[in-house]
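Asks: Provided herewith is a single structure, encoded as structure tokens, for subsequent inquiry.
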Amino acid sequence: MFHGRMGEAQKNNMTKNITTPQRVLAVFAHPDDMDFSSAGTMAKWAKGGADITYLVCTDGSKGSEDPKMTPVKLARIRKAEQETAAAVAGVKNVIILKHPDGELVVDHTLKEEITKAIRQVKPDVVVTLDPTFLYSTKRGVINHSDHRAAGAATIDAVYPIARDRMNFPHHEKAGLAAHKTKMLMLVSWDDAEHFEDISSTLTTKIEALRAHASQVPEGFEKRVRERAAALGKKANLRYAEGFKKIELS
């Protein structure tokens, strides 16, 4: 009985498809994070005229089991892969901060870097990963610590740091005014409350992921379609990506 009531409450709180924003900043830990999590939404917004910037916090230099691969070479490969994937999705701007993969922490430096990007881009919407997601017993996954760090630092940068002009006052001296983001969207697979319909852009999402040749396993398309279909089913859509949406007052 209790679970039934909660399920109905969640259903009543569901929302779908925000109006295409003018400017978007997507902040994630690694090259390919955006494409696995939200490239369908990014491609849809880009088609609608949104100006989208990707901010990648690490260099992606650890994600290889190839004994002949080096961190320097892999970082170079993954930068090129992310730029190609972004172009496929219609994203024109990619910033890579180059923190070492696997070592991202929520500190003053990271918060300032994200704050600077917010003040440069002046986004209507900021998208990042939900830092409260630690693990899923259902899916058998543990959320990478870099993902959690990127999400937590982004939330802090959105509110209140980027909003308040006396945080990092040297930004203002350099011509970067304080900025108030209107909406924060946190990528969510298990507890999504907001859904973006990607039925028309799932193929683009798969093409963007295909650009990450050093990372995607053989047959990844089936998993991506299944995940998008499962999220879509929750919102009576064919394919969807899920988020938690925070409208900032």
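Coordinate-derived values only; no laboratory data. Keep in mind it's a predicted model, so treat the numbers as computed, not measured. Methodologically, a virtual Cβ is constructed for each residue, glycine included, from the backbone with ideal geometry; neighbour enumeration extends over all protein chains shown.
Asks: Can you put L25, L231 in order, fewest other beta carbons within 10 Å first?
Replies: On the way: L25 28, L231 22.
In order of increasing Cβ crowding within 10 Å: L231, L25.
Asks: With 10 angstrom as the radius, rank Y159, Y135 by how many other C-beta atoms surround their C-beta, starting from the fewest.
Replies: Details: Y159 15, Y135 10.
Lowest to highest Cβ neighbour count: Y135, Y159.
Asks: Further question: Using Cα-Cα distances under 8 Å and only pairs 6 or more residues apart, what relative contact order does the chain have, in percent? Please report the intermediate quantities before stating the final value.
Replies: Details: 473 pairs, mean separation 62.5, N = 249.
Normalised by residue count, the contact order of the chain is 25 percent.
Asks: Quick one: work out the % antiparallel among DSSP beta bridges in the chain, nearest 5. Spell out each step's value before the answer.
Replies: Working: 11 of 32 bridges.
In the chain, DSSP labels about 35 percent of beta bridges as antiparallel.
Asks: In straight Cα distance, which lysines are under 27 Å from K79, not counting same-chain residues fewer than 8 positions off?
Replies: K44, K47, K62, K68, K92, K98, K111, K116, K122, K205, K222
Asks: Still on this structure, please answer the following. Filter the GluC sites (Glu not before Pro) in region 183-235 down to the DSSP loop ones having no more than 10 other Cβ atoms within 10 Å, then list what survives.
Replies: Working: sites: E193, E196, E207, E218, E221, E226; in loops: E193, E218.
Within region 183-235, the qualifying GluC sites (Glu not before Pro) (loop, at most 10 other Cβ atoms within 10 Å) are E218.
Asks: Also: Count charges around P160 for me, please; just the other residues with Cβ under 15 Å from its Cβ, Lys/Arg as +1, Asp/Glu as -1. Could the numbers behind the result be given before it?
Replies: Numbers: positive: K111, R119, R163, R165, K180, K182; negative: E112, D156, D164.
Here the charged neighbours net out to +3.
Asks: At what distance in angstrom do the alpha carbon centres of region 20-73 and region 103-176 lie from each other?
Replies: Here the answer is 15 Å between Cα centres.
Asks: If each residue's Cβ is checked for other Cβ atoms within 10 Å, how do F220, F195, F36 rank with the fewest at the top?
Replies: Working: F220 15, F195 24, F36 20.
Starting with the residue having the fewest Cβ neighbours, the order is F220, F36, F195.
Asks: Taking K and R as +1 and D and E as -1, what net charge do the other residues with C-beta under 12 Å from the C-beta of D107 add up to?
Replies: -3
Asks: Sort out the exposed loop trypsin sites (Lys or Arg not before Pro) in the chain (DSSP loop, at most 10 other Cβ within 10 Å) and tell me the longest stretch that has none. Write down the numbers at each step before the final one.
Replies: Values: sites that count: K68, K138, R139.
The reported range is 140-249.
Asks: Moving to a separate point now. Go from 0 up to the bin containing the longest alpha carbon distance in the chain, width 10 Å each, and give me the % of pairs per bin.
Replies: Calculated over all Cα pairs of the chain, the distribution is 7, 31, 38, 19, 5, 0 percent.
Asks: What FRET efficiency comes out for the pair H170/A87, r = Cβ-Cβ distance, R0 = 45 Å, nearest 0.05?
Replies: Details: r = 33 Å, r/R0 = 0.73.
With a Förster radius of 45 Å, E is 0.85.
Asks: Report the residue, chosen from D33, D107, D124, that carries the largest GNM mean-square fluctuation when the chain is represented by alpha-carbon nodes joined by springs under 10 Å.
Replies: It is D107.
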